[in-house]
Structures are given as C-alpha cells and as structure tokens.
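Right, one structure below, let's go through it.
The values are calculated or read from the model by the stated rules, or taken from the named source; none is laboratory data. The structure displayed is predicted, hence computed values, not measured ones. Using ideal geometry, Cβ is built from the backbone for each residue, glycine included, and neighbour counts are taken over all protein chains shown. What goes into the accessible areas is simple: the full protein's heavy atoms, side chains included, and nothing from ligands, DNA or RNA. Shrake-Rupley method; radii C 1.70, N 1.55, O 1.52, S 1.80 Å.
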Amino acid sequence: MAEKTTTSDIPLLKILKNGDMLVALGVIATVVMLVIPIYTWMLNILLTLSISIGLIIVLTVTYIRKPIDFSVFPSLLLMTTLFRLALNVSSTRLILLEGRKGVEGVITAFGDFVVGGNPIVGIVIFIILIIIQFMVIVKGSTRVAEVAARFTLDAMPGKQMAIDADLNSGAITEKEADKRRREIRREADFYGAMDGASKFISGDVIAGLIITFVNILGGWGVGMWLRGESFAEAAKTYTLLTIGDGLVSQIPALLISVATGIIVTRAASDDDMGVELTTQLTQQPKVLFITAGTLFLLGIATPLPTIPMTFAALLIGGVGYGMYVAAEKRTAAEAQQQKETKKEEIRQPENVASLIQVDTMELEIGYGLIPLVAPEQGGDLLERITLLRKQCALDYGIIVPSIRIRDNMQLKPNAYVIKIKGVEMAGGEVYPDKYLAMNPGNIAEKIHGIDTIEPAFGLPATWITEAQREAAEIAGYTVVDPPSIIATHLTEIIKRNAHELLDRKSMNTLLAKVKEEHQQLVDEVIPQILTISDVQKVLQYLLKEGVSIKNLPQIFEVLADKGRTVKDPRILTEYVRLTLNRQICAMLLSADGKLNVITLSPQLEKELADNLKESQDGSYIALEPIKLQKLLAKLSETINAVIEKGLQPIILVAPNIRPYFKDLTERVAPSLIVLSYNEIVANVEVQAVGMVTL
C-alpha cells in the first residue's frame, strides 16, 4: 500500500513555511534589481508576478471580516510599491538599451493589444488611469485612513473602560479581557500604520507618472541620436513601449489602491464583504421593485434605448421577486420555529439552576445612578471599583471577587444597595449632579444645602451644587463626588466583611499564588499538618480583626511550627498575631508615633480570666448578666470619650483573654481593636488614654 502524502511532504509548502527567509530574500532581490540588469524572460515573469500579487491582495481584502485580520497589509504595501518601482527601473533599462527586443512579451502586448498600437490612445488611457487612481481612490483612502487612525486612538480609553466594566461585572473572564485588550492595541497599531502607508500609494502614482514621461523623453533621445531613427519612428516605438510599461505597472498599483480603499473603509463583521454586500443590498425587495419600474418607464417613455432598459428592469424585478419569496418563506419558517420552541419549553421542566446562583458581591443601583456607571456618559465608577479591588489586594492581601453591578427598578432613583452573598449589607442615596460636603469638625461657617448623613462612616454632611463646591473647599469642608462616596462605602464594607469574602475559591487562588515561590512550605502545612479549612479559619480570624494576610509565607511558617501540637484555629491565630506584631502595631500608631490604648483594671482582668470557661465549641468568658451589662456600658462610655479626643479606640488586655474579650465586645463595638501585651513591639511607646473598671 502506498504511503499517505502529508502537506509537509510537498516541496512548495516546505518552502512557504520559511516565510521569514522568503521575505528577506525578496527584499534583497528587489534592491538588487534597482542596480543590476535582468533578462527579458525574467522581467516577463516578474511583471506577471506583480499583477498576480495585486489580484491576490485585492481578493484577500474582500474576504477578510475585520481589517486587523490582514494586519500585515501596511508592510506589504511598502514592499509591493518598492517591487513595482524596481520593475520600472529594470524595464526602463532594457527599453533604452535594447529597444523593443529587450522587453518583448508582457510590455509589448500591453502596448500593441491593450491600446491598439496607437501611442496617443495609450497616453490618454494611461492619464485616465492615473487620474482615477490618484484623484479618486488614493486621495479618498488616505483621508479615510487619517480619520480612522484618529478616531481609533480617541476611542481606545473608552474601549478599555468597557472591557474593565465587563470584567468587573463578571460578563467576561480575565483571559477574554486580555484578548480584547490585545485586539484594541492591534487595531490602533494597524490604523496608525495605514495612515502612513497610504502615503506610499500617492508617492507611487506620482513616481509612475514622472518615470513614464522621463522614459518617453529618454526613448526619443536614444532612438534619434544613438540609433539614427526618425522623430516619428522613435516617438511611436518608445512611446508605445513606455506606455505599455506604465500600464503594466499601474494595473497592479490600481488593484492595491482599491484594496487599500476597501480595507480602510471596512467595518468589523461576522461575514466577508461579498456576503454582506449581497445580503444588505438586496434585503429590501421594495427597492428593487421601484428600481425595475423606473427603468421600464424610462425605456418606453423616453428616447433612451428600450431593449437594454427593459432587459435591466426585468432582471432587477426578477431578483426582487426572488428576494420577496425567500423573505416570506424565511418569516414563515421563523414563526413556525418560535411555535415549536414555545411548545418545547412548555413540555420541558423549567431550568431553575440559574435562579439559585448567588453573586459574592453585588452593587444594585437605581436608574438615576446609571450615568455614574456608563463610560459613554462620563461615568468612572467601574474604573474606581477596579482600583478599589487592586488596593484591597495591596492592603489586606485578599482577592476581592468581581462586583456585579445591576440596576434595580424597585430602588429609589438615586439609591444604591451593597450585597454580600445575596444579603443586603449597606446602602445609601447620592445625587449624581451634586457634591457631598463634610465638616471636619472645626469649621464654624455653615454651608447651605441638603443635610444628610455620609453613608460610609455615618458623619453629618450636606449635599451642595457644583457652583458651591469651590466656596466649600475654601472654607475647609471636605468635598467629594458621588462615585467617590459609593467607592468609599464599598471599601469600608469590604474591610468589615473581608473574612466572609475569603471563601474556598479565593483560598485556592491564594494558595496557588503562594505555591509559585513556596511550594514546599505549603505542601508541608496542607494537608500534612492542617487542613485547608483550618488555614482558612485562621486567615478569616485575622481579616475579621483587620489584620492583613498579605505576608502569607510568614503565616504558613508559624502554622508549620505550631500546627503540629495545636489544632485550634483560634489559638493558632494568636501565634500568628505574635509573629505579625510589627505589622499590627505599625498600622495602629498615631501621628506622633505613639500607641494610644485603653486598659482594663487589674481586678477586671483577673475576674475575666477567672470566668474563662471551656466548651466543645471553644472557650468563652462567662460573666453574670448584671456584671456583663455594667462592663459593656463602662466600655462604651470610655470608647466615646476616646473618640471625642480624636483618637482610635484600642483595648490592651492580657494575652490569655484577648480573643475571648474580643468576642465579648463584638456586639456593642464590632470595630473595636483588641491587643494583647505580647503584641506590643519593644520600641513602641504606649500611652494609656483611659481605663475600664467596674
């Protein structure tokens, strides 16, 4: 049995696979042609190749769906232009040196057959081709390329923001977003290159015109002075040869000019130009009927020839009737298909899988806030959310999932709601055309506007107009725009609920990132020492108290050391906090470099330690209800006094009760920071600003 031949066995395809070598050799050969004479048979082959390349390019352009599918076109334009000019120089050399015998073949055929051996006709046709190419095609293509390049570059920021918006909303993946960004960059590069490459065509036309007239004059001189021919004989011979040479050059140039015009005016589509042309031009049968009727009336009611007009009318009318019948059949088929689909949907059980999907984070907005999200209306909220996610990764080491933004018609026009796993966590109301002015607390001047409460921190504020903004800023007010308010509120909600956002999917992503450089460390901890669930709980405990988990390798080292003897995630968290003490203290220092803390009286600390109980669910502080109520009241009083001084409330307690005291105060002061004595770095100055005592 004969062996099967593959495409790689075909010699020509083997050669074409080395495209880089072919291009390099082609450029070198083209440059050499400008200097070294070539044979007549070789010139004929190269002229035929030039026409063939022009046909290939123009046909390729008609079949592409997007301009960037033929991104090599600008470079190809330069190379084909240089190739034609080299052929011009070679043919001119042969014409002047050997006359008709030197260019016998393609050039003489164009001179004798195409223009009928008449030099005047040849000159007229050549000039007409030049005018068509330069004044119509080249000039229009150049202008379109300039405008396309300008608009493509101007549209890049909007397209980039649209991609970020789709990515944030979860409509596309990171891979799809990268692909779209690359397409945008390629498109900008392509149109920028086309803007410059289109100048090659105009230069080629002008050069062809000048070369032709120089050749005619040179031919007259050679024929009359060097070969002793008469003026008429020399004029006819060399004019025909030069015009033939010019036509051979201008035909491929015209084809490539047409290809340039097509590619710069081509819009992105799912079909090639031929399919689009026939589909869109014949999609209205009425237009064809009206055209056919008009041609028929012109044929019988005017001096115009009846037979051609009637034939054209019948032809166009027949096409229109065929399109009308096809459209009717298509409409009937679509209606039948819709009926069948509805029947099938009724018969099939309802697919409710999509209804139970819950997004990790959602931002629902009223219809009045849509302009804040839409980039085409100047909204930059999507861009701010992207920056917000990056900042959370830098500050806390967590990967905030994509925040899906939805419009909710049930909300007030200017209201928004933030949800985590389908549960409403917070909300607010903003005015897109106003600014929020907040008094830092030391400004006596009152500003007029709509009094409100800032949604993120609950501070008193006032909505003001844009005209009042400058005056408010001069007076010392903090003025923010609506997107900043929503973004700040989102940031605070993420900080307060970061432990809930660290689900198993995010955990796996973090582990994969750590494994890139600390594979052995992660493998040592999971699953040999701890389960992934235990590690997740430790990280959640840290995030719940505002401790960054960015330094995961250090956290894993602690878990590797302590996890062999301790399995309780709560106790492991305390060991991790001791290791991260510098990081914890650094984020709590005041502007003067001190750590301002609230302490517990020794008697209270002892009583709390004595009431520490253990259960199967973990340890807890069991105080009598009356004492617990008195403790929480005294704690709230002390915290408020510290806040009035402009300080952040921080409780300093004994290490053995720190996590359990935090649990005890969670309901009345969820944002309260609780430190143990062991977590204080040696060189940090501690200053007591209050004491809780019973």
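Annotations for the structure displayed:
- Filter pass, L47 being open to solvent by 30 Å² or more (accessible area, probe 1.4 Å), touching a helix residue (DSSP H, G or I) at 6+ places or on another chain (Cβ under 6 Å) and at pLDDT 75 or above: no
- Where Q583 falls short, out of the listed (1) exposed (fewer than 14 other Cβ atoms within 10 Å of the Cβ); (2) touching a residue at least 12 places away in the same chain (Cβ under 8 Å): (1)
- Residue in the range 381-389 that is open to solvent by 70 Å² or more (accessible area, probe 1.4 Å) and either at pLDDT below 85 or not in a helix (DSSP H, G or I) (or both) present: no
- Checklist (1) modelled with pLDDT under 75; (2) surrounded by 11 or more Cβ atoms within 10 Å (Cβ to Cβ); (3) not aromatic (F, W, Y) applied to P285, failing item: (1)
- In the range 650-672, the qualifying residues are those that are in contact (Cβ under 8 Å) with a residue 24 or more places away in the chain and under 18 Å from K495 (Cβ atoms), and the one that is most open to solvent (accessible area, probe 1.4 Å) is S671.
- Among residues of the range 390-401, those that are open to solvent by less than 40 Å² (accessible area, probe 1.4 Å), in a loop (DSSP other than H, G, I, E, B) and out of contact with any Lys or Arg (no Cβ under 6 Å at 6 or more places or on another chain), counted: 2
- If the condition is being surrounded by 21 or more Cβ atoms within 10 Å (Cβ to Cβ) and in contact (Cβ under 8 Å) with a residue 60 or more places away in the chain, then the range 470-486 contributes P482, I486.
- In this entry, I486 passes the filter for residues that are assigned to a helix (DSSP H, G or I) and either in contact with a Phe, Trp or Tyr (Cβ under 7 Å, 6 or more places away or on another chain) or within 15 Å of E429 (Cβ to Cβ) (or both).
- Residue match in the range 516-532 (condition: closer than 22 Å to N497 by Cβ and without any contact (Cβ under 8 Å) to a residue 12 or more places away in the chain): no
- Within the set L647, L632, L623, the sole residue that is more than 50 Å from the chain's Cα centre (by Cα), assigned to a loop (DSSP other than H, G, I, E, B), farther than 18 Å from Y541 by Cα and free of Cβ contacts under 8 Å to residues at least 60 places away in the same chain turns out to be L623.
- Residues in the range 96-108 that are open to solvent by less than 50 Å² (accessible area, probe 1.4 Å) and not polar (S, T, N, Q): G99, G102, V103, G105, V106, I107.
- Subset of the range 61-90 (residues that are open to solvent by less than 50 Å² (accessible area, probe 1.4 Å), within 28 Å of the chain's Cα centre (by Cα) and not hydrophobic (A, V, I, L, M, F, W, C)): T62, P67, P74
- As a summary of the residue check, D523 satisfies the conditions (1) modelled with pLDDT under 90; (2) outside any helix (DSSP H, G or I) except for the one numbered (2).
- Taken over the range 598-621, the criterion of being in contact with a Leu (Cβ under 9 Å, 6 or more places away or on another chain) and modelled with pLDDT of 85 or more is satisfied by I598, T599, L600, S601, Q603, L604, E607, L608, N611.
- Scanning the range 564-576 for residues that are open to solvent by less than 10 Å² (accessible area, probe 1.4 Å), in contact with a strand residue (DSSP E or B) (Cβ under 9 Å, 6 or more places away or on another chain) and modelled with pLDDT of 90 or more turns up nothing.
- Yes/no for R93 being among the charged types (D, E, K, R), open to solvent by less than 30 Å² (accessible area, probe 1.4 Å) and either outside any loop (DSSP other than H, G, I, E, B) or at pLDDT below 80 (or both): no
Each row is one residue, and each column tells you yes or no for (1) under 30 Å from the mean Cα position of the chain (by Cα); (2) in a helix (DSSP H, G or I); (3) at positive phi; (4) β-branched (V, I, T).
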position	(1), (2), (3), (4)
E517	yes, yes, no, no
L530	no, no, no, no
S533	no, yes, no, no
P553	no, yes, no, no
V558	no, yes, no, yes
K567	no, no, no, no
R570	no, yes, no, no
R582	no, yes, no, no
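- Any chance L511 is under 24 Å from R564 (Cβ atoms), part of a loop (DSSP other than H, G, I, E, B) and open to solvent by less than 20 Å² (accessible area, probe 1.4 Å): no
- Scanning the range 499-508 for residues that are under 28 Å from the mean Cα position of the chain (by Cα) and in a helix (DSSP H, G or I) gives L501, K505, S506, M507, N508.
- Exactly one residue out of L675, L694, L604 is crowded, with 17+ Cβ neighbours inside 10 Å and over 46 Å from the mean Cα position of the chain (by Cα), and it is L604.
- Any hit, the range 586-597, residues being more than 22 Å from P649 (Cα to Cα), open to solvent by 50 Å² or more (accessible area, probe 1.4 Å) and either aliphatic (A, V, I, L, M) or in a helix (DSSP H, G or I) (or both): no
Residue-by-condition table, conditions (1) charged (D, E, K, R); (2) under 23 Å from the mean Cα position of the chain (by Cα); (3) at positive phi:
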| position | (1), (2), (3) |
| --- | --- |
| L363 | no, yes, no |
| G368 | no, no, no |
| D380 | yes, yes, no |
| E383 | yes, yes, no |
| T386 | no, yes, no |
| K390 | yes, yes, no |
| D395 | yes, no, no |
| P401 | no, yes, no |
| R404 | yes, yes, no |
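- For the range 458-469, the criterion of being open to solvent by 20 Å² or more (accessible area, probe 1.4 Å) and under 26 Å from Q410 (Cα atoms) is satisfied by at least one residue.
Yes or no, residue by residue, for (1) of a type in the set (S, T, Y); (2) assigned to a helix (DSSP H, G or I); (3) modelled with pLDDT of 70 or more:
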{"residue": "D166", "(1), (2), (3)": "no, yes, yes"}
{"residue": "I172", "(1), (2), (3)": "no, no, yes"}
{"residue": "D178", "(1), (2), (3)": "no, yes, yes"}
{"residue": "R181", "(1), (2), (3)": "no, yes, yes"}
{"residue": "G192", "(1), (2), (3)": "no, yes, yes"}
{"residue": "K199", "(1), (2), (3)": "no, yes, no"}
{"residue": "I211", "(1), (2), (3)": "no, yes, yes"}
{"residue": "G223", "(1), (2), (3)": "no, yes, no"}
{"residue": "E229", "(1), (2), (3)": "no, no, no"}
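- Residues that are over 30 Å from N508 (Cα atoms), in contact (Cβ under 8 Å) with a residue 12 or more places away in the chain and open to solvent by 70 Å² or more (accessible area, probe 1.4 Å) occur at least once in the range 416-439.
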